[in-house]
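Notes follow the structure.
The values are calculated or read from the model by the stated rules, or taken from the named source; none is laboratory data. As the structure is a computational prediction, the values presented were derived from the model and not from experiment. A quick note on method: Cβ atoms are made from the backbone with ideal geometry, for glycine too, and the neighbour counts reach across all protein chains shown. We work out accessible area using only protein heavy atoms, side chains counted, and drop any ligands, DNA or RNA first. Shrake-Rupley method; radii C 1.70, N 1.55, O 1.52, S 1.80 Å.
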Amino acid sequence: FFFQAEDGIRDKLVTGVQTCALPISPDFVFGLIWPYNFFVIGACIYSNWQNMSERTWFIWLAILALSVVMALIWAYQFYRPHNFMAAAIALSLAALITLPLTILNFSNSFAIGLAFMPYQIWVILASTLSWGYFALNKSN
């Protein structure tokens, strides 16, 4: 379900452009999903802070922070050393870590849980794309 395309990833430490095979994804989706995701994450933070017990709120916040750390590890591994396997593992862990957030959001409010679902789906989809980058570039 991945198609091979050629594109360059710029790296200041490497002269010129490194070319790698990329799974095709519609670019316009990124422009739509990220503003939505950031808005919903902000709404979840506020709603959960207002409605969860202090203990549950801090657990939720710690899980969110851990998922952000995994996403940052993905970004570093993907864009700097181009270690696509490490990047895919990190993003898969982010997707896994995000599952308890989804459950806690639903326990707080059905509407908040439902609004958070596109983010959960997006992180899972992004992790599959990351595995696609790895699969297409094993020999690079």
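In this structure, does N137 turn out to be over 17 Å from the mean Cα position of the chain (by Cα), open to solvent by less than 20 Å² (accessible area, probe 1.4 Å) and modelled with pLDDT of 95 or more?
No.
Just to be sure before I move on: is I121 crowded, with 17+ Cβ neighbours inside 10 Å and assigned to a helix (DSSP H, G or I) in the structure I sent? Reasoning before the result, please.
On the way: crowded, with 17+ Cβ neighbours inside 10 Å: no; assigned to a helix (DSSP H, G or I): yes.
So I121 fails the test.
Being touching a residue at least 40 places away in the same chain (Cβ under 8 Å) and loosely packed, with under 14 Cβ neighbours inside 10 Å, is that true of even one residue in region 57-77?
Checking region 57-77: not a single residue is touching a residue at least 40 places away in the same chain (Cβ under 8 Å) and loosely packed, with under 14 Cβ neighbours inside 10 Å.
Mind listing whichever residues of region 98-111 are open to solvent by 30 Å² or more (accessible area, probe 1.4 Å) and assigned to a helix (DSSP H, G or I)? Full working, then the answer.
To start, the set of residues in region 98-111 that are open to solvent by 30 Å² or more (accessible area, probe 1.4 Å) comprises 99-100, 103-104, 106-111.
Answer for region 98-111, where residues must be open to solvent by 30 Å² or more (accessible area, probe 1.4 Å) and assigned to a helix (DSSP H, G or I): L99, P100, I103, L104, F106, S107, N108, F110, A111.
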